[in-house]
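Taking it in order: structure first as structure tokens, then the write-up.
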């Protein structure tokens with residue numbers, strides 16, 4: 001036989017809890033009691049009803065038919081007066097007795113009325129013209145009365161009061177808002193944000209706002225004619241709305257000897273303390289000392305309660321909610337979460353204030369995690385902040401990104417607003433629909449979805465958007481990608497741990513890393529290149545070079561093209577060449593019928609479309625070193641003509657560029673390293689947007705910028721330091737590049753690495769040697785420099801059998817006769 | 001004669017010496033007019049698949065492998081070497097029986 005479930009309260013908490021129980025196929029005969037003679041409506045929408053933007057029909061969540069369809073007995077308008085725990089019976093004010101097996105108390109709150117003289121009328125509750133703002137009846141009466149009157153006063157400058165004031169403007173001419181505290185919405189906002197909101201309310205909406213306003217008396221004999229404040233001020237009005245706060249309805253619980261403090265005390269399963277068959281949920285419940293007046297925590301409580309009461313999950317536990325709100329208060333965007341003011345001196349506070357526009361933004365960060373945020377006048381970043389706050393997510397090093405959309409169209413759209421066919425990944429042509437499809441097919445990690453759809457696997461700019469779509473599509477059930485922190489996907493360790501383990505076990509080949517460090521010893525194709533780079537950096541000439549660990553580009557020292565041919569880019573230091581060199585390149589291009597000869601962005605000459613099998617011969621004829629235009633390594637140093645010829649140049653940028661390239665040529669790293677030296681701040685060599693850029697400034701000095709980019713991502717480098725000599729530039733360049741090699745994640749370019757570590761910290765280490773590692777970095781990079789060998793010398797004898805054999809039927813492959 | 005018919009009729013074709021393919025790498029062969037990529041896995045075994053990536057025609061023999069998959073060098077799509085199934089939403093590739101017979105690579109059952 002099904003159990004008898006009685007629910008006291010037919011508001012949002014009670015009805016939602018019953019919905020959750022029904023969704024779990026709970027076997028109950030449900031009886032509900034509600035004070036109000038209606039089905040269940042959305043109380044939050046009463047403001048919209050008052051403002052005339054919503055109809056009564058529109059705010060109902062469950063109409064009476066719903067109760068019928070689900071076999072629920074609804075006693076609307078019956079107030080429960082007492083619970084007999086021992087007999088398991090509730091008593092109604094209509095004399096009814098209803099037995100239960102399980103009981104849920106969801107009595108919600110009532111509107112609190114401050115003790116103001118004249119606010120009540122001995123016969124009819126409130127004085128004529130005074131209204132609370134809590135129920136549908138309150139709202140109806142208020143609308144009816146306001147229509148025929150002129151001036152309203154709203155007492156209470158919290159959320160509800162602001163909404164009431166705004167709504168009343170719809171029905172009468174003049175509204176004054178009185179708030180007893182020093183600033184509006186003082187529970188959610190700090191003084192600054194509150195005063196910004198006040199300015200907007202007054203200037204944009206034309207509502208008079210008085211703060212620090214203690215209402216001492218309601219004036220008028222048989223109807224309201226005004227209110228009097230503590231300082232004697234009288235404000236004439238004919239309508240008064242009291243929105244001074246809510247208090248939990250706990251009387252019935254207290255009268256029935258259930259534990260009541262501020263609210264009805266519940267445990268993590270939402271059971272009333274000490275009771276096994278009585279639950280409480282919503283605004284009337286006090287959980288771990290907290291009371292919640294918002295819907296989001298209520299939804300969470302309802303789920304846990306339903307899980308527990310139906311036996312679906314007896315371990316379900318509600319552990320409290322992090323409170324955040326994002327709403328339009330009286331037409332003005334407001335969002336708040338967590339702390340409204342910093343709690344300690346160590347809390348990092350970031351504030352943006354633009355009073356003319358009524359925009360105020362504040363975020364509070366503690367130990368790298370968002371612990372509070374307030375937005376007024378601009379809620380565009382609210383969703384992201386709420387997510388970061390709820391989940392304690394890592395925050396961008398550029399804190400401004402939390403408050404503003406900086407660059408990149410990818411940051412602006414909300415996933416919910418995008419059509420299904422909107423292209424998210426412009427490199428691989430992946431739509432929002434495809435990403436959502438992968439999520440609904442069961443992929444719940446961002447990395448997994450990226451692998452499956454290839455979204456974000458091109459230039460990578462859309463990754464944040466992909467992440468947000470996955471999170472949105474998974475409805476908050478995104479699983480942490482354990483691999484996100486690993487150096488490569490196939491070895492479960494972040495870079496520092498991985499390097500420590502490699503050193504400890506003296507692992508000098510890629511296969512030995514898999515064998516020793518991967519549980520089960522499984523090799524991973526996609527991890528080989530990153531490991532090869534790391535091991536080469538760590539062991540230099542002791543590295544055991546397994547050719548299969550290399551990407552094809554590194555096996556044959558050219559960049560593979562779309563047709564399987566390769567590009568050949570000879571070194572041209574600093575972009576300086578000579579007629580002899582050009583003649584040689586021209587001869588080679590003609591001799592081998594090179595389909596395209598092109599200047600590169602790095603000031604070199606690219607011979608494109610060279611078949612793999614012709615590479616050794618071309619290198620031999622060129623007899624020039626490799627320009628490394630294919631590897632995750634030091635690429636080029638772009639230069640301008642500098643002081644030799646340019647009439648503006650203040651430093652010999654060409655000579656320095658050539659010197660840098662000569663020293664650091666071929667240096668492998670976690671990502672490409674593109675450099676430039678420019679002879680004056682006009683920046684013809686584009687040094688400000690290079691991984692490392694050097695700018696000559698007047699006085700014989702050189703500025704060194706790091707972390708710049710001008711690819712898919714655009715970033716001006718950060719000034720590392722200014723030095724007086726070219727030698728210092730060369731030394732610090734090596735030190736910085738070595739620090740990057742040792743500490744950056746695989747494929748993490750300097751434009752991500754530098755902001756992640758922070759330019760100040762990098763300067764401490766690289767320039768000031770605060771950590772005492774400068775000498776080690778210098779020694780390590782020197783060892784790498786000494787280990788340099790021009791890979792194009794590897795041509796007389798192939799390094800492996802068939803190293804340069806073609807892999808596509810572009811030319812004749814080994815023809816194997818088929819024998820039957 | 002196409003390769004698939006030759007394979008299904010239990011023909012055996014010697015592709016060449018095993019030493020032609022370094023461990024962990026792949027090489028292309030043309031057999032009966034078709035190009036196939038043969039991989040020498042680090043666990044010692046061999047795999048043979050169609051040589052051309054169905055996505056954009058990349059040379060799969062130039063791809064990196066492990067003991068399970070090959071990754072195309074052009075756009076990094078991955079296929080299971082045993083089943084030919086794509087791991088990144090691409091059409092499957094053909095898989096052929098191949099094994100080492102002493103020092104030789106033998107295509108066919």
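Helix A:774-786 and the longest principal axis of the C-alpha atoms of chain A enclose an angle of approximately 40°. Site pair residue A:56 and residue A:583 shows an inter-label distance of 9.9 nm when each label is modelled 7 Å from Cα along Cα→Cβ. Where both bridge residues fall in chain A, DSSP classifies roughly 65% of the beta bridges as antiparallel. Residues A:440, A:626, A:96, A:109, arranged from fewest to most other Cβ atoms within 10 angstrom of their Cβ, appear as A:440, A:96, A:109, A:626. Ellipsoid fit via the Cα gyration tensor, the protein assembly as shown: semi-axes of 69, 37, 23 Å, each the root of five times an eigenvalue, largest first. The calculated FRET efficiency for residue A:761 paired with residue A:646, based on their beta-carbon distance and R0 = 30 Å, is about 0.25.
Note on A:390, A:776: ascending count of other Cβ atoms within 10 Å places them as A:776, A:390, the fewest first. Taking Cα atoms, how many degrees apart are the long axis of helix A:191-205 and the longest axis of chain A, rounded to 10 and kept between 0 and 90? Helix A:191-205 sits roughly 70 degrees off the main axis of chain A.
The angle separating the long axis of helix A:726-743 from the principal Cα axis of greatest extent in chain A is about 60 degrees. Modelled label positions at residue A:590 and residue A:483, each set 7 Å beyond Cα in the direction of Cβ, lie 5.1 nm from each other. Between the C-alpha center of segment A:602-638 and that of segment A:217-289 there is a gap of 78 Å.
Using the Cβ-Cβ distance between residue A:508 and residue A:345 with R0 set to 41 Å, the FRET efficiency works out to roughly 0.25. When the label point is put 7 Å from the Cα of residue A:541 along its Cα-to-beta-carbon vector, which residues of segment A:769-800 have a backbone N closer than 14 Å? Inside the label zone: A:782-790. Taking every Cα-Cα distance in segment B:3-107 and sorting them into 10 Å bins starting at zero, the pair-distance distribution P(r) comes out as 17, 52, 29, 3 percent.
As a proxy for reagent exposure, ranking A:757, A:560, B:65 by other Cβ atoms within 10 Å from fewest up yields A:757, A:560, B:65.
Since every read-out is calculated from the coordinates, none of them should be taken as a lab result. Keep in mind it's a predicted model, so treat the numbers as computed, not measured. With ideal geometry, Cβ positions are generated from the backbone for all residues, glycine too; neighbour counts draw on all protein chains shown.
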